[in-house]
1. Go through segment 41-78 and give me each residue that's over 27 Å from the mean Cα position of the chain (by Cα) and either of a type in the set (V, I, T) or closer than 14 Å to L224 by Cβ (or both).
2. Looking only at segment 27-52, how many residues end up being assigned to a helix (DSSP H, G or I) and out of contact with any helix residue (DSSP H, G or I) (no Cβ under 6 Å at 6 or more places or on another chain)?
3. Could you tell me which residue of segment 233-264 is surrounded by the most Cβ atoms within 10 Å (Cβ to Cβ), considering only residues that are polar (S, T, N, Q) and over 18 Å from the mean Cα position of the chain (by Cα)?
4. Is there any pair with a first residue in segment 259-286 that is closer than 13 Å to M244 by Cβ and a second that is loosely packed, with under 15 Cβ neighbours inside 10 Å and modelled with pLDDT under 90 whose Cβ atoms are under 7 Å apart and which are 6 or more apart or on different chains, and what are they?
5. Taking the criterion of being part of a helix (DSSP H, G or I), over 28 Å from G49 (Cβ atoms) and of a type in the set (A, V, I, L, M, F, W, C), would at least one residue in segment 270-280 satisfy it?
Amino acid sequence: MYAPFIAYLFLAPAILGLLIFKVYPLLLSATESLYQVSFFGQQAKYFVGLENYRDVFADPTFWQSLKVTLKFNFLIIPIQVALAVALALLLNKKFKGVRVFRSIYLLPAGVSIAIACTLWSLMLNPNSGLLNSLLALVGIPRQPFLTTSSQALWSIILIASWKGVPYWMIFIMAGLQGIPESNYEAAAIDGANALQVLFKITLPLLKRTLLFVVVVNTVSNFLLFVPPYMLTRGGPESSTNLLMYEVFKSGFIYNDMARATTMITLLVILLLGIVAIEFRWLRAEH
């Protein structure tokens, strides 16, 4: 009788924190996007309704930033999930020294994103970077990486994947270890090959874990900010100008909080729509 009440009582601190630190800022941002600030005389806010949204939709910079953000996520999410699954399958096997390999692969997850960006900026330096030095040893011309529009976005994908894949791999490994060994024994008796086991047993039984990984990965990559800020400043030629960095520029460089809150509200709406599609697509059957 009292079990549900007790459960909600234990969940109350987490729910309260979620409401204060997640839901309230989003509602505040959506509300602020309906106002504009007047700097003539005394600073004051006045209600403008959807005017800020009309201004943003008429701004080619917003559409370019949205295009870059969608392109970035359509590339990085499948790459990260596929690599995380592959590494988890490899490191879930029992062989001598597997714990050492697990520790090595998990090292990037323990490095902060700011430190990771600093390290990679040194390694990708077009003149003295480690990566270009290695390329020069095998006769490959030095690459501009972060300084050209054709490679900058891919470099950001590389860095974000190096940092993120080990983290997602942890969850997938936990899901793999939750699959009963009897399923694989039955498949071996039936003569199933490795691909059949992967697509008929492993991936279907990982559906709930994959749903979590894909959704959280989507949210984190749509809200990615540090690599474009530290490495490229949205360039070159706006090729890495993700929406979160454009929001930052609007609010803290151009001091246009109305535009910033409008774009962040649109980004949240877009993100909710994409996450809803992912839930419908990957929803585990009961």
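1. Result: V48, single match.
2. Of the residues in that region, 4 qualify.
3. By that ranking, first place goes to T262.
4. From residues that are closer than 13 Å to M244 by Cβ, the pairs are V268/L26.
5. yes
The values are calculated or read from the model by the stated rules, or taken from the named source; none is laboratory data. All figures in this text were calculated on a predicted structure; none of them were measured in a lab. Don't worry about glycine lacking a Cβ; one is built from the backbone with ideal geometry, like all the others, and counts go over all protein chains shown.
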